[in-house]
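Since every read-out is calculated from the coordinates, none of them should be taken as a lab result. Just so we're clear, the structure is a prediction, and the values are computed from it rather than from any experiment. Cβ: placed from backbone, ideal geometry, glycine included. Neighbour counts: every protein chain shown.
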Amino acid sequence: MILTTTLAVPLIGALVLALWPGCSDTFARRWAMAVSVVPLVLLLVAWARFDTGGAMFQLVEEATWVPSLGMGFRLGLDGIALAIAAMSALIFTGAIAYPVDTRGAARQYYAWMLFLETASLGVFLALDLLLFYVFFDLTLVGMYFLIGRWGHGKPQYAALKFFLYTLLGSLFLLLAILGLYLSADPLTFDMRALIRQQPLAGAGAFAGVVMAAFLLGFAIKTPLMPFHTWLPRAHVDAPAPASAILAGVLLKMGTYGLIRIPYSMMRETFAAWAFPLAVLAVVSILYGALVALGQKDMKRRIAYTSVNHMGYAVLGIAAAGAMLGGSEAARSMAMAGATVEMVAHGLITGALFLIAGSFWQRGETYELADYGGLSGQTPKLAGVTTLAAFASLGLPGLAGFVAEFHIFVGTFGVYPWLAAIALLGILITAALFLRMLQSLFFGQLPERWKTMPDLSAVELSVLSVLLLLVVIIGVYPAELLDVIATSTRALVEGN
Amino acid sequence: MLWLVPLLPVLASVLLYPWWKVSPSRPAMALSAMVVVLATLALVAWGAGAGWGGQLGWSDRLQLELGLTPLTTVAALVVPLVAAPIIGFAASHEGERLPRLVALMVAFTGVMELLVLARDLLTLLIAWEIVGALSWALIGHQFQDRERGRHASQAFLTTRTGDLGLYIAAFVVFQQTGTLAYDSLGQMSPAATSVFAAGVTLAALSKSAQLPFAPWLFSAMSGPAPVSALLHAATMVAAGVLLLMQLQPILQGVPWFGPALMTVGLATAICGGLVASSSGHAKQLLAGSTSAHYGLMFVAVAAGYPAVALVHFALHGVMKAPLFLITGAAGHQAGGYELHRIAATPVSRALRLAGLVAVLALAGLPPLGAAWSKEQVMAAAAHSGLLPAFLVALAGGLSAFYAGRWQAAFQAGAGRAGQAADADSVVARGGVYVLVLLVVLASPVWLPGSKALLGDWLASAFATARWWELALSLALVLLGLFLGYRFSAQQLAAGSGTATWQRFLAQWLMLPGLAQRTIVRPVDAVAVRLATLDDRAVDAGVRATAGLGDWLAGAGTRAGEWLLDGLPEGLARLSGRAGRSIVQLQSGMTHHYYSTIAVGVIAMAVILVLGLLTGGSS
């Protein structure tokens, strides 16, 4: 029941807030924080119970729903889902705790946050395709309201665009899911059964169509160039904690879905499509980095680095699925790297967006040129930002490096030239983050920031927890890699 | 247990930093920092005797490994030995944000130890890049000046460009052997070894400031003087040489490796010498000379004498560090590092004497130790032909020339009136004297028998110099010293500015401008253009989505109404409810939204029908 409870607690928490109009802002905030800790703790318990030598899917919970159609309420975890779900729960706790201007509607804000948490964790815990899809779409609803009501700039426009574009993505996903479902025999939405069955093996053109729909759906969510255009607007106008969740959790659904469905359930077709996908990933890596370099707005710059980083994750997944046999060592590395990238990107970019929010709270602007010389005025902010920026540019000793190193080593064993080209990405990200640090923290302090306060205790503790994990994973990722290996053994090596 | 060596300084700096911040007593800070670094030195010595090693598993496939070889033991001893006095000097002499500066320098020493002790490419890469990041923080220490931030980034980016080579090298090794350990490097195919060699050489050349990467060392001058001393003498810049020195047995099997490295090393030694000979800036003079001397070390590695490179690294370190510190003290007093400013500033007698000893070692004048190792480089180069040997001798002459220039500036200040520049405290002065004492104590390497002793200790060969090589070299050194001193003294006395050719050379042959024009600006331009393009694409995407929505809405009204009514189940109901909430929010584009939902429902229906049909036929 541990997984069901994980999903139920935030939902109940959200309902309490939704149905209790009289509750005060302070209570709503404290309540949400307390509730959001529960899934985190439960997932850590799940982590402790997870047997790294055991089966791929563990802690399975199952209830029949419409047996004749093969639908069921099925939850469970493999190593990859566990790692990402635990990271997501942490990001949610951090985002909820982070100070934000709730515009007098704290109750609603926190209710939507908790609702979004259930939906997001549901995506990673679902072992049933239909359930997966429902949660996948519900996240859009939660995020839509968070951006639309608490965003700045042109929030409603941004929210609707985000909604429409990603809904278009989930439309393709739905079509693909149905295609896959209808090819299964017996009909089932059970992911484990579908992975065993490989329903579309040898299905020719139809398998290709289904694969294309899956890839399109997940490429929009991830997002891969050229399907990323919904991302910057949504990020810039979203409130910072929502941005952190969007980048830290929601984007992962694209890459996680890629591993969970097309990679696992359509091995043969995926192998045939791996190379073009890898090429698209490399294009995303370089394009995302270059466009980020061209941004003058802090939040947009961070947003575009997501295109770059998620490109690494997709590259790793494509390399891991590039063939059905051979180069197991390299392909396992690529898959492990892609998973670590998801976790690392969640923590690092989550932290970066929260930091951007702290800048907004203080200065109401994201323009890099407006800031300067803050090293002396706000040393804590400078220190935390520097650490997060170096983590994002892939400095060893921090989580991003562990991820990228695995991905590159793995990809090099399969597509050496693509790995070598993608490597240029780490140079461009280095340039763009260093320039960001230069404009924020170097130079003379402008008159208007002479009274800027440093990070508050809450801000500092949330960021410290996120970045401490980044350091721990960077120095000693064995624990994380061990959990992930349970899945790569099954997914890549086939045992 | 060997992990203690890098961990001690890193952890100590993290733990001591808060204390240093609240009790900014200089002597306490200087002493505690030096104790940490010297304790690291003691740990290395102890560990070498006790045969320490270290392993840490990341996964089945990736293992981090530390170990000591005869060569790396010496390097691991030299690093803290040179770093301790420098850090003591920094804590006693530097100004703003001192706790940060000292903590970073102590941590830097630890990470450099990790780099030296690494026995696999992953550990190496980790240390290699962290060294770069810490140097960024140190070079940009005085953040109020935007230029320094730019210089710090330039240094980091230049060296990271080379780091990409190390990444590629690691990929090749893993692909070939399934591990990253140094011990397995011998199993690679010749072609793979060649790629590996190219990667590590690129990384080493960029870190050790060789052509064409050399100019980053000029940018690195933006850091405080003790930072320059630390980077040049004992840590960052040394990384490249220390790496190739260790890998030389593997790399010598690659046919192009020796000649290519020899060429780059000699070219940098000569160019660096010319740069230092023309620069009007004392720190840049020393920076040019650093590139030149590391060039000589690469020549030794290329000729097959890694131990010679190691000895020259050690002796260069103990002589270069005090030169930077003395220059720092004088420049501090003079308000700038230009030679003519320093020439106008009196420097205390003791510092001048210490500087004289160190600068003669830089010139390569026997019987100082650095002169011996330079002769060894020449003898090693002579194995590859007369031209290399002659070029090494010429580089030695240039070294003497710019050493003479440096000395002339400091000598000129001797007679001036006013407050004499000096290191502020006993600890700071002590640091300089200890380093100079080490320079003097190295002289006995000239004694017969030292070569055999060193050879045994390092388990490596040394070259034998011929008498005419020594004679030529000594003649060039004396000539260089005389000319350099005369030339500079005259120029300073006349107060004449630098000539055009001097400015050209002093700017590293315009290389930085070239890189700016051919790489940085084009990339920036592409980035800005892509950003604009992407912005437009964003709007195009919206317009397309909206247009699609309009069309669908129309189509939906015409044909799809009955279908919508007919399928009021599951998803549609859920979405409908969300849709109504959206109406409360705003209503401008809702028809798009509804039409998208409609497409979803239609699609689902089509699939279901298709499914029923195919299901029926199977």
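How big is the convex hull of the Cα atoms of chain A, per residue, in Å³?
Details: hull volume 61.2 nm³, N = 495.
Looking at chain A, the number lands at 124 Å³ per residue.
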Mind listing the phi-derived Karplus ³J(HN,Hα) values for region A:416-429, rounded to whole Hz, using 6.51, -1.76 and 1.60 with θ = phi - 60°, and x for any glycine or proline? x, 5, 5, 4, 5, 5, 4, 4, 4, x, 6, 6, 5, 4
Straight-distance crosslink candidates among lysines, where the alpha carbon sits under 16 Å from B:LYS451 and sequence neighbours closer than 8 are dropped: B:LYS374
Of the listed peptides A:3-13, A:167-177, what is their order by residue-averaged count of other C-beta atoms within 10 Å, with the highest listed first? A:167-177, A:3-13
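First select every other residue whose beta carbon is under 13 angstrom from the beta carbon of B:ALA127; then total the charges, Lys and Arg +1, Asp and Glu -1.
Numbers: positive: B:ARG119, B:LYS207; negative: B:GLU65, B:GLU113, B:ASP120, B:GLU129, B:ASP163.
Local charge sum for B:ALA127: -3.
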Defining a contact as two alpha carbons under 8 Å apart and six or more residues distant in sequence, what relative contact order in percent does region A:376-437 show? 35 percent
Folded to 0 to 90 degrees: helix A:298-320 orientation relative to chain A principal axis, Cα: 20 degrees
Take the alpha-carbon centre of region B:252-303, take the same for region A:22-82, and report the distance between them in whole Å. 61 Å
Normalised by the residues of region A:199-305, what does the relative contact order come to in percent, with Cα pairs under 8 Å and at least six apart? 36 percent
Taking the Cα centre of each part, how many Å lie between region A:443-495 and region B:155-172? 24 Å
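Determine, for B:ARG349, B:ARG61, the number of other Cβ atoms within 10 Å of each Cβ, and report the residues in order from fewest to most.
On the way: B:ARG349 11, B:ARG61 19.
Placing the least packed residue first, the sequence is B:ARG349, B:ARG61.
Show that you can apply the helix-only estimate: for chain A, add -39,500 (n - 2.57) for every DSSP H stretch of four or more residues, divide by all residues, and state [θ] at 222 nm to the nearest 500.
Calculated from helices alone, the mean residue ellipticity at 222 nm is -24000 deg cm²/dmol.
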For A:CYS23, B:CYS271, which order do you get if you count the other beta carbons within 10 Å of each Cβ and list the fewest first? A:CYS23, B:CYS271
Model label zone, A:ALA18; criterion: amide N under 13 Å from point 7 Å along Cα-to-beta-carbon; scope region A:122-143: A:138-139, A:141-143
Taking R0 as 35 Å, what's the FRET efficiency between A:GLU493 and A:LYS380 from their Cβ-Cβ distance, rounded to 0.05? 0.15
Tell me, what ³J(HN,Hα) does each residue in region B:509-516 have, in order and in whole Hz, if you take phi through Karplus 6.51 cos²θ - 1.76 cosθ + 1.60 with θ = phi - 60° and put x for Gly and Pro? 6, 6, 4, x, x, 4, 5, 4
A:LYS380, B:LYS207 arranged by Cβ crowding within 10 Å, fewest neighbours leading: A:LYS380, B:LYS207
Can you give me the C-alpha center-to-center distance between region B:339-415 and region B:484-515, rounded to a whole angstrom? 18 Å
Once you place label points 7 Å from the Cα toward the Cβ at B:LEU31 and B:ALA267, how far apart are they in nm? 5.2 nm
May I ask you to evaluate 6.51 cos²θ - 1.76 cosθ + 1.60, the Karplus curve with θ = phi - 60°, for each residue of region B:279-293 and list the ³J(HN,Hα) values in order in whole Hz, giving x for glycine and proline? 5, x, 10, 4, 5, 5, 4, 5, 5, x, 5, 4, 4, 4, 6
For B:ASP120, distant residues with modelled amide H under 5 Å away: B:GLU65, B:TYR182
Output the 0 to 90 degree angle, nearest 10, between the alpha-carbon long axis of helix A:205-221 and the longest principal axis computed from the alpha carbons of chain A. 20 degrees
Measure nothing fancy, just the Cα-based angle from helix A:2-19's long axis to the longest principal axis of chain A, in degrees from 0 to 90, nearest 10. 50 degrees
